[in-house]
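*Asks:* Below: one structure in structure tokens.
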Amino acid sequence: MGEFLSYSFRGKEGLRRYLKYFGLSLGVLFLFHIILLIAGIISVNFRSDWKNIYESAGAAAAGIIFGMVLYDLIKISLHNGTSRVSILVGSGAAALTFGALSSVMIETVYLITDGIFRLAGMRLDCIIMCDDRHTWAGGEQLSMQGMNDLLAHDPRFIFFSISEIFLLVMLGYTAVMVFLAVKQRTNLFGASVASAVTAYCYFNVFIEYGGSVTLRGELMSGLREKMIYIGEILHPNPMAPDQYGSCLGAVIAFLTTALMVFMIGYLVYAVFILRVPAAERKRGVR
Amino acid sequence: MSRIEIKTLTKKYKKKTALDGVSLSIDNGMIYGLLGRNGSGKSTLVDLVGGRIFPDLGEITIDGETVTENDKLLRKIYCMSSDDLLPMHMRVKDTIKAQAYFYKNTDEDYAIRLCDVFGIDPKKRLSQLSTGQRTLAKVSLALSSGADFIFLDEPTLGVDANFREELYKKIIERFDKTEAAFIISTHLIDECAGLFEHCFVLEEGRLIADEDCEELQANAYLIEGRAKDVTEYLKDKQCLKKTIIGTLCSACVKGEVKDVPDGLEVSHPSLQQLLIAMTGGVQDG
């Protein structure tokens, strides 16, 4: 497994390629925002949630690029005498590391964009978790503050935000890992079903999530319910003034959910990848 | 000295049996020919040994230890596939560097030198190379891998005669310098015959010969003459293949030369002729 991880992190077709394409896609999103800003399409009164677009498009891009990179990593490793177990464990470790790095990158681009928007007298929206069951007065209060100044740069928010992005990125990774594992088995029917399920999941996560988030904000309903459930245990209230401990609770809740989602997909991936043929043909003997 | 032991290896693709209980052993310091017709299971055997596909039955071990899911042992084996398994967008030099992460004994400089000898620009992507160049790039990777057992599946695929000559020289050079075993699967048997010390012959997934090449050839002969005389002579012989053209007949016979009547000519078959006879069945042309 050491060789697989070593190549994943140091080899040209591993992390370097991932960062190249992922950085490029974030750069395109960034430029897109700036062009909108310069063109005057975005105004102070424009209440779109740009961070959410970074999260949605960024996480989707991260998933797809990770899929491309992992696909080649599997091929290169199998060609170079690597066992399936090493590939399985190695790709899990790589996914978590790449995912964490991607989350930080997305948040960084968001903060840079937010800084530029501030120079232009605007600000980016951010998410405050508020719902019927958790009326967080502190969140409401900070939402109002956020209208005017510092919310995006609040360390609590950054901390909270990265973990939330991580959850979305891991959703993307999970989907492509399942898809890849099925595809590697050259099972067209399976790959079609996996891609349909993947597309449906993405639709649910990003459309609902994207459509429902406002400044007062709420996550997609299913995720929100889960968060409430976890939140009730951990009492997360990330935006409550001076409650760093609560923010940590929210972060843990996000990370726990991310890992739960990832592990489910990873198990499916494991079942398939352990018997992945590198050279089998559907028809014919050679 | 290491040894690969293959025991009753069986692989089925749906209803077709690609390999049927093949057992053989491969020692360091030998060059083997893995021969057989198209679809006889040669590439399947190579892929199974390299852990790229899984057997339905049987076991592959190195010095008694099973190779399956064992990275350490898998790295003792290098399998050059006739298929293009590496991503085609990779540059040749990057495939060499990638290999060095997995095969720690990879001689990167040697691989680059081989590319130079074969006229391959290491900066080119695999997709930019011709079939022959891609084959030679894969052979360069294999020869520089430093593995103990190097399987070359169709190492001459699409390669022109000039580079084939060079390729055989490089294989011999590498063989002289290392203790590695080379297992070469090819259809250009006469060209490679000089390389082989030992032959495995597969037919429809079964191993029909596992012998030293010289012994294999010595234990068969060609007999030619008038069809009537040859047919008469073959009555109590094990004929591998008989071809009749007009009134003339030639046959490949297994066993020692004996009781040859006047009028019939005897000679020893080339490895290719013998293989054709062994795997082509008896024909009455």
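No value in this document is a laboratory result; all are computed from the given coordinates. Everything numeric here is computed off the predicted structure, so don't read it as measured data. Cβ coordinates were reconstructed from backbone atoms using ideal geometry, including for glycine residues, and neighbour counts include every protein chain displayed.
*Asks:* With a cap of 12 neighbouring Cβ atoms within 10 Å, and only residues DSSP puts in a loop, list the trypsin sites (Lys or Arg not before Pro) found in the stretch B:44-130.
*Replies:* Here the sparse-neighbourhood loop sites are B:Lys104, B:Lys123.
*Asks:* Label point 7 Å out from B:Lys177 along Cα-to-Cβ: which residues of the stretch B:70-90 have amide N under 18 Å?
*Replies:* B:78, by backbone N distance to the label point.
*Asks:* Apply the Debye scattering formula to the stretch B:219-280, with a single equal point scatterer on each alpha-carbon and no solvent, then give log10 I(q)/I(0) at q = 0.13, 0.21, 0.26, 0.28 Å⁻¹.
*Replies:* Here log10 of I(q) over I(0) equals -0.28, -0.74, -1.14, -1.30.
*Asks:* Right, next: 5 Å is the cut-off here: which amide hydrogens, built 1.01 Å from N in the peptide plane, fall below it relative to B:Ala209, excluding neighbours closer than 5 in sequence?
*Replies:* Amide H neighbours of B:Ala209, under 5 Å, 5+ apart: B:Val201.
*Asks:* Looking at B:Thr131, B:Gly41, B:Gly146, which one has the Cα that reaches farthest to the positive end of the dipole of the stretch B:3-214 (charges on Cβ: Lys, Arg +1; Asp, Glu -1)?
*Replies:* So the residue furthest toward the plus end is B:Thr131.
*Asks:* Moving on. Determine the gain in length on full extension of the stretch A:Ile38-A:Arg118; use 0.36 nm per residue of separation and subtract their C-alpha separation, reporting nm with one decimal.
*Replies:* 27.5 nm
*Asks:* Please provide three numbers in whole Å: the alpha-carbon extents of chain B along the principal axes, with the largest listed first.
*Replies:* Answer, in whole Å and largest first: 64, 41, 36 Å.
*Asks:* Moving to a separate point now. Given the peptides A:15-22, B:232-239, B:33-40, arrange them by the average over their residues of other C-beta atoms within 10 Å, most packed first.
*Replies:* Sorting A:15-22, B:232-239, B:33-40 by mean packing, highest first, produces B:33-40, A:15-22, B:232-239.
*Asks:* If you count, for each residue, the other Cβ atoms within 10 Å and average over each peptide, how do B:154-164, A:92-102 line up from highest to lowest?
*Replies:* Most protected by this proxy first, the peptides run A:92-102, B:154-164.
*Asks:* Now a separate question. Determine the alpha carbon to alpha carbon distance for each of A:Lys75/B:Lys42; B:Lys170/B:Lys242; B:Lys104/B:Lys170; B:Lys7/B:Lys97 and list only those over 28 Å.
*Replies:* Correct reply: B:Lys170/B:Lys242; B:Lys7/B:Lys97.
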